[in-house]
1. Using a simple charge model, +1 on the beta-carbon of Lys and Arg, -1 on the beta-carbon of Asp and Glu, nothing else, what dipole does the stretch 39-79 show about its Cα centre, in debye to the nearest 20?
2. What's the FRET efficiency of Q65 with A99 using the Cβ-Cβ distance as r and R₀ = 41 Å, to the nearest 0.05?
3. From the phi of every residue in the stretch 55-72, what ³J(HN,Hα) in whole Hz does the Karplus formula 6.51 cos²θ - 1.76 cosθ + 1.60 yield, where θ is phi - 60° and glycine or proline is x?
Amino acid sequence: MRWNKLSPIGACWLLGITLVLLLVLPLSAAADEGQPDGVSQSSQCVALVDEVRKENKKLHRELRQIKREIALLNQNLEEPGLREIAAGIGYILGLCGVAALVATRRQGAEER
């Protein structure tokens, strides 16, 4: 392949692959050399476990608080509010009005 006939897209791909290889290979080699002994790895594991436990306790407290809030909201939804009470009274008065209308029409029909 001739370099002067390389398309712009091909040149970008080639440049990207080259940069990735130049950046990733030295970093992976440095990561392997950074932890020579098992003692520091075990202390890191213990530190990570402690960190996870702290995070777990924190999340557990937050979840418990959210559960309390949901229970309170459910309790508030179960109780009838002013709107439901007014609707119930209106329904009862409406039924009484229909009964009065039927009774009035029956009396009018008997009088004729």
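Every number here is computed from the coordinates shown, using simple stated rules; none is lab data. In this text, all values refer to a predicted model and were calculated from it rather than measured experimentally. In this analysis, Cβ positions are derived from the backbone assuming ideal geometry, glycine residues included, and neighbour counts consider all displayed protein chains.
1. The dipole magnitude comes to about 200 debye.
2. In this case the efficiency is close to 0.20.
3. Once θ is set to phi - 60°, the couplings for the stretch 55-72 become 5, 5, 4, 4, 5, 5, 4, 5, 5, 4, 5, 5, 4, 4, 5, 5, 4, 5 Hz.
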